[in-house]
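Just below is one structure, and these are the notes that go with it.
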Amino acid sequence: MKLKATPRLRAVVVAAIAVLAAGRASSQAPSSPSIDDLINLKRVGNPAISPDGQHVAYTVRETN
């Protein structure tokens with residue numbers, strides 16, 4: 001005997017999978033950045049747009 005999935009059954013299965021996936025993703029605790037992570041961040045600044053508006057130049061600063 002071959003089972004035939006109805007559109008409603010398919011929608012229920014897809015919704016159940018989405019709920020399970022979202023629950024699994026949210027159960028992981030977000031980690032806070034460490035001091036080393038914050039020190040190693042690169043900072044972008046001083047943007048300058050070219051006269052024709054096609055390019056942007058900027059500086060990137062990082063901690064030594």
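The values are calculated or read from the model by the stated rules, or taken from the named source; none is laboratory data. Predicted model, so just to flag it, every value in this text is computed and none were measured. So basically every Cβ, Gly included, is an ideal-geometry build from the backbone, and we count neighbours across all protein chains shown.
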- Item | Residue count, segment 1-46 (criterion: at pLDDT 80 or above and outside any helix (DSSP H, G or I)) | 11
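Please tell me if residue 63 is surrounded by 10 or more Cβ atoms within 10 Å (Cβ to Cβ), modelled with pLDDT of 80 or more and outside any helix (DSSP H, G or I).
On the way: surrounded by 10 or more Cβ atoms within 10 Å (Cβ to Cβ): no; modelled with pLDDT of 80 or more: yes; outside any helix (DSSP H, G or I): yes.
Here the answer is no, as residue 63 does not meet what is asked.
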